[in-house]
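Taking it in order: structure first as C-alpha cells, then the write-up.
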Amino acid sequence: MAAEVEKPILPEAEGSLRSEIDYFQYKSERGDSPNNVRNALLVVATLIAAVTFQAVINPPDGVWHEITKIHVAEKWTTVYNNKLRFTIFLLSNTVAFSTSISIIGLLIRGFPGYFWMRIALLLMMITYVASIGVVQPPE
C-alpha cells in the first residue's frame, strides 16, 4: 500500500471570508515557522517601501518640465488638478512608506550588518523627504 500523503489543513467552510482569513493566519500548531513569517513580512514590507518610494518620485499626475519665460530657469513641478487629492495621496503614501521602513528596521534586528542596513534605511527616508520637496506642486 502506498504511503498516504498528508493533506493541507483546509478552511472549515469553503467560500466564507472568515475561513479564508483563518487559513492564512499564523498558527504554530500547524507547524508555521516564525522564520518563514519574518521572511514573508520582509518581502511584503520591502515591496511596499519600493512602490511608495516610486510613487513619490513619479506621482499619479506625473511631473513635467517647465521653463519659465522670465528667468529661463528650469523647474520640475507636479501636474495636479486638485490640491486636496494630492495632499491625501502624499499623506497616505508617506504613512505607508514610514510604516514599511519601520517594519523592515524591526525585522532586520540581529542580522549581520544591522548597523549599516539601519544607516541605509535612514538615508532612504531622507531621500524620500527630499523627493517630496522636488515634486511637490507650487503653492
What pairs come out if I take residues in region 102-120 that are assigned to a loop (DSSP other than H, G, I, E, B) and pair them with residues that are of a type outside the set (Phe, Trp, Tyr) whose C-beta lies under 7 Å away, six or more apart or interchain?
ILE108/MET117; PHE111/MET117
List the number of the failed condition for GLU29; all other conditions in (1) under 26 Å from ILE104 (Cα atoms); (2) modelled with pLDDT of 75 or more hold.
(1)
Only one residue in ILE126, ILE88 is modelled with pLDDT of 85 or more, surrounded by fewer than 14 Cβ atoms within 10 Å (Cβ to Cβ), closer than 30 Å to ASN39 by Cα and not aromatic (Phe, Trp, Tyr), so which one is that?
ILE126
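The values are calculated or read from the model by the stated rules, or taken from the named source; none is laboratory data. None of the values given here were measured: they were computed from a predicted structure. All Cβ positions, glycine included, derive from the backbone under ideal geometry; neighbour counts span all protein chains shown.
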